[in-house]
1. Are there any pairs, at least 6 apart or on different chains, whose C-beta atoms fall under 7 Å, with the first in region B:86-103 and more than 7 Å from every other protein chain (Cβ to nearest Cβ) and among the basic types (Lys, Arg) and the second surrounded by 17 or more Cβ atoms within 10 Å (Cβ to Cβ) and in a helix (DSSP H, G or I), and if so, which?
2. Scanning region A:47-72 for residues that are part of a strand (DSSP E or B) and facing chain B (nearest Cβ under 8 Å), which turns out surrounded by the most Cβ atoms within 10 Å (Cβ to Cβ)?
3. Just to be sure I understand, how many residues within region A:15-29 are facing chain B (nearest Cβ under 7 Å) and either under 13 Å from the mean Cα position of the chain (by Cα) or modelled with pLDDT of 95 or more (or both)?
4. If only one of B:31, B:50, B:110, B:129 is modelled with pLDDT of 90 or more and either hydrophobic (A, V, I, L, M, F, W, C) or more than 22 Å from residue A:61 (Cβ to Cβ) (or both), which one is it?
Amino acid sequence: MPCFTTAEEWLEQSKLLLEARPSTTRITTKYSIKPARRPRKEARPDEEARPPRGTLVFKTYDPASGVVLKYRTSKAAEVSRLIHSSLGRLSRGMAGVPEPPAEEVMPDAPTATDTGNADSTAASQAQPQPPVGGGGGGKKKKKGKK
Amino acid sequence: MTPGKSHLSQSEFFDRLEKLFSERKGGDHGAIHLSQKRLKNTEDTDMPSADEPFPDLNITEPHSIVIRATNGKSKKERDSKVRISTVVKPEDLEEFYTRYADICKTGMTALKPRDRNKKKLKAKKKKNAT
């Protein structure tokens, strides 16, 4: 059961799964709250309790083939991007709606051939590439700094 | 997971979803499960056959999508279990997800706020600098 480290990867794989199995694949989103764990040292009772932490798990599951794709996050900043653009885009694939031109500005992305009709096979071939960079890029760049 | 009740209208669904999230606010445990899948048309042939191993790839028209939400209660606590669902037509998807994302964003209050991370990053930078 792969749990992807980046949202982009999860989105890409989920998109491919939905292309292959659009009618059986489902996407579940679990928002769960658990009491915060105290650090093992200094577990003083007088210490002010830390607020409970929530996690958000996105899971794409196809019962027919048994594929599970997961992505877990605890960052509030990611919520609206993940739900609005990622889930929104995946749901278009799920519904069988042809992809509209990508919202993100991608200067050298191949232009999606305009299929115009609702033919699903044609629509799936015209998938624009996932947004590269975005949120995940920041961390990697720092490594090169001296 | 078949809903006992019929699907709600979108606005009603959003109202109930907001309520669901507000019940989680302030608590220190619990969960909200959301799910989405394609709504099958009645005339669809579901069973793959030898001639047509993937009947779902040859659809002629876009499908609607079912969105479900529960508060994750088990059978034992059926009284307090909340289960809601709604159907989104393909042409309404964009509008629906804008609102949906908004409600989720405001409802998921226990996630790490952005500021916290910035502070940590700054602290880290300082550490590295010295």
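1. B:99/B:14
2. Taking region A:47-72 first, the residues part of a strand (DSSP E or B) are A:53-62, A:67-72.
From the residues that got through so far, the ones that are facing chain B (nearest Cβ under 8 Å) too are A:53-56.
Numbers: A:53: 16, A:54: 21, A:55: 18, A:56: 24.
Looking at the filtered set, the residue picked out is A:56.
3. Selection size over region A:15-29: 3.
4. On the way: B:50 fails: modelled with pLDDT of 90 or more; B:110 fails: modelled with pLDDT of 90 or more; B:129 fails: modelled with pLDDT of 90 or more.
The conditions single out B:31.
The values are calculated or read from the model by the stated rules, or taken from the named source; none is laboratory data. Predicted model only: the values in this text are computed from it and were never measured. Here Cβ is always computed from backbone atoms with ideal geometry, including for glycine, and neighbour counts include all displayed protein chains.
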